[in-house]
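Reviewing the structure listed below.
The numbers here are math on the coordinates, done by the rules we state, and not lab data. Keep in mind the model is a prediction, meaning the values are calculated, not measured. Note: ideal-geometry Cβ built from the backbone for every residue, glycine included; neighbour counts use all protein chains shown.
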Amino acid sequence: MFRKALIGMVHVGALPGSPTGARNLHDIVLRAAAEARILADAGFDAVMIENMHDRPYATTHGPETTAAMTAVALAVREVIADLPLGVQVLSNGEREALAVALACGGAFIRCENFVFSHVGDEGLMPRAAAGDLLRYRHAIGAQHIQIFADVQKKHASHAITADMAVGELAKAAEFFLADGVVVTGVSTGEAASPADVAAVRGAVKVPVLVGSGVTPEQLGDLFQHADALIVGSWIKKSGRWQNPVDPRRAKAIVKEASRVR
């Protein structure tokens, strides 16, 4: 799907039912669509939506979350035309994300717990999602929606898999039929290790994505090994993920990507 692509992230406002959800859903949808339009106009190759403001994240989700994310996704789809659209529902929300993507004509989802167990800041995540998720994808007729799987999920401890190299973790995700693997830093906005990205690229044939801490200065090095870069924090005002998308920063990183590709 992607070749040296930039995926722009829309961090959807706190949704109804979340601890900080204060605005009405209509306003949340309008803001998400406005930010997606900025990214599309700036020249991003794809757009992704994520309920990042719903912290602290729950590992189960009520129907209100799926419904709200579907409303957001449909509005975003209207403004980005035929650009690929991705969905992530935090946390452990890969089934919900797949359902949203199917409803809105999405192209991919991101799953942080596809293989192996780990301890996230949400608590213990003991069960890998791959087996159930791929069966669910088949059952609802969503085989055309790709699943990008994190290896060594950010905001987590990986003591359980500390005896495994990052390349081996990526191989396991590929063996369990992930459509791509995502390499990150230790937390949102933190850069991924170039050595990790290179190791994963050398271990798998599926697309390799970088999912945190991407800045214009890193693009050349990252594109040596990565097929796509998910950009969230840097394109926001002052480079902080909590802020709205900054059109000037969005255009700047697309311009730099065009130069180094």
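Could you give the size of the charge dipole of the range 205-261 about its Cα centre, using +1 on the Cβ of each K and R and -1 on the Cβ of each D and E, expressed in debye and rounded to the nearest 20? Before the final figure, lay out the partial values.
On the way: 10 positive and 5 negative charges, 54 e Å.
In debye, rounded to 20, the range 205-261 gives about 260.
Assign one of three labels to the range 1-126, namely rounded, prolate or oblate, based on the Cα gyration tensor with a ≥ b ≥ c the square roots of its eigenvalues; rounded applies when a/c is under 1.5, prolate when it is not and a/b is larger than b/c, and oblate otherwise. The partial results should precede the final answer.
Values: a/c = 1.90, a/b = 1.24, b/c = 1.53.
Oblate.
Once you order the gyration tensor axes a ≥ b ≥ c over the Cα atoms, which shape class does the range 165-261 get: rounded for a/c under 1.5, otherwise prolate or oblate by comparing a/b with b/c?
Working: a/c = 2.38, a/b = 1.82, b/c = 1.31.
The shape class here is prolate.
Over 14 Å, how big is the tail of the calculated P(r) for the range 22-85, in percent of all Cα pairs?
Values: 1162 of 2016 pairs.
Counting every Cα pair in the range 22-85, those more than 14 Å apart make up 58 percent.
Counting other C-beta atoms within 10 Å, which of 241, 234 has the fewest, and how do the rest follow?
Working: 241 17, 234 21.
Sorted ascending by nearby Cβ count, the order is 241, 234.
What is the spin-label model distance, in nm, from residue 26 to residue 132 if the labels are put 7 Å beyond Cα along the C-beta direction?
The two pseudo-label positions are separated by 3.7 nm.
Listed here are the pairs 4/205; 4/251; 4/236; 4/171; 171/251; which of them are more than 24 Å apart at the Cα?
On the way: 4/205 15 Å; 4/251 16 Å; 4/236 21 Å; 4/171 21 Å; 171/251 35 Å.
Violating the 24 Å limit, Cα to Cα: 171/251.
Dividing the alpha-carbon radius of gyration of the range 159-199 by 2.2 N^0.38 Å (N being the number of residues), what value is obtained? Kindly include the intermediate steps, with their values, before the conclusion.
Working: Rg = 10.9 Å, N = 41, 2.2 N^0.38 = 9.0 Å.
Here the answer is 1.21, to two decimals.
Which one, 114, 173, 25, is farthest towards the positive end of the dipole of the chain when Lys and Arg carry +1 and Asp and Glu -1 on their Cβ?
Sorting the options by dipole projection puts first 25.
Classify the chain as rounded, prolate or oblate, taking a ≥ b ≥ c as the square roots of the eigenvalues of its Cα gyration tensor: rounded when a/c is under 1.5, otherwise prolate if a/b is larger than b/c and oblate if not.
Values: a/c = 1.43, a/b = 1.08, b/c = 1.32.
Because its axes are fairly even, with a/c under 1.5, the chain counts as rounded.
Find out how many positive minus negative residues lie around residue 260, taking Lys and Arg as positive, Asp and Glu as negative, among other residues whose Cβ is under 13 Å from that of residue 260.
With Lys, Arg at +1 and Asp, Glu at -1, the net is +1.
Specify the inter-centroid distance of the range 42-76 and the range 158-237, based on alpha-carbon positions, in whole Å.
22 Å
Taking the Cα-to-Cβ direction at residue 55 and at residue 144 and moving 7 Å from each Cα, how far apart do the two end points lie in nm?
For the pair residue 55/residue 144, the computed spacing is 3.7 nm.
Counting only DSSP beta bridges with both residues in the range 119-203, what percent are antiparallel, rounded to the nearest 5?
Expressed as a percentage, antiparallel bridges in the range 119-203 total about 50.
How far is it, in nm, from the label point at residue 117 to the one at residue 177 when both lie 7 Å from their Cα along the line to the Cβ?
It works out to 2.4 nm between the two label points.
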